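Reading through the structure tokens given below for one structure.
The values are calculated or read from the model by the stated rules, or taken from the named source; none is laboratory data. In this text the structure is predicted, and so the values were computed from the model without any measurement. Cβ placement follows ideal geometry from the backbone for every residue including glycine, while neighbour counts extend to all protein chains displayed. With ligands, DNA and RNA removed, areas are computed over all heavy atoms of the protein, side chains included. Shrake-Rupley method; radii C 1.70, N 1.55, O 1.52, S 1.80 Å.
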Amino acid sequence: MATGRRKANRAKKEETNWQERVIQIRRVSKVVKGGKKLSFRAIVVVGNERGQVGVGVGKASDVIGAVKKGVADGKKHLIDIPITKSNSIPHPIDGIGGGAKVMMRPAAPGTGVIAGGAVRTVLELAGVRNVLAKQLGSNNPLNNARAAVNALSTLRTFAEVAEDRGIAIEKLYI
């Protein structure tokens, strides 16, 4: 009986099909009584390319441990985003994370992901295929990734807006 349950759990994990990408690995040090203690910080983006994405940070004394912790942290901070039929975002949006600001605009099919650095990674793992994005302010990868997640988390579909206003979708454009 236990083996059947294990197989079911394993099948569930494979179905989710999470992808992980390391944005940055940085060696950090802490000054302690005996000298300097070295450790590693990993910034990881986790996504399933079907509208779920998260950014995580992990710190450990070795790189592999830091990446594992970053993946676990990213899975804890997952967000769901609405994606249009053209694999784009529903409307233009801005996001802020620390000193970084990110602008995102929907794009026509075939445009691709036009974005730089951490924002590109976040958008690709979220499943967005056609988008224009620009990083403004800071070029810190962690702040840019968090700004991108902030922008994506505030996206709303036209149906959600119509429901909030209590009108039909057709009347939104009038």
### Query
Any idea of the accessible area per residue across the chain, 1.4 Å probe, to the nearest Å²?
60 Å²
### Query
Sorting THR121, THR154 by accessible area (1.4 Å probe), largest first, what list results?
THR154, THR121
### Query
Which percent of the accessible area of the stretch 112-174 is formed by carbon and sulfur heavy atoms (probe 1.4 angstrom)?
52 percent
### Query
Going down the list LYS37/LYS101; LYS68/LYS134; LYS75/LYS101, which pairs span over 27 Å between their C-alpha atoms?
LYS37/LYS101; LYS68/LYS134
### Task
Would you list which aspartates and glutamates come within 15 Å of LYS30, measuring only between C-alpha atoms, while excluding same-chain residues fewer than 8 positions from it?
ASP62
#### Entry: DSSP beta bridge pairing in the chain, given as percent antiparallel to the nearest 5
95 percent
### Message
Given a Förster distance of 22 Å, report the FRET efficiency between ILE96 and ASN139 from their Cβ-Cβ distance, rounded to the nearest 0.05.
### Response
0.90
### Task
Please give the helix 63-76 orientation as an angle from the longest Cα principal axis of the chain, in degrees from 0 to 90, rounded to the nearest 10.
30 degrees
### Task
Any chance you could run the full-extension gain for ILE169 through LEU38? It's 0.36 nm times the residue separation minus the Cα-Cα distance, nm to one decimal.
41.5 nm
### Task
Quote to one decimal, in nm, the extra length available between ALA162 and SER61 on full extension: 0.36 nm per residue of separation minus the C-alpha distance between them.
31.3 nm
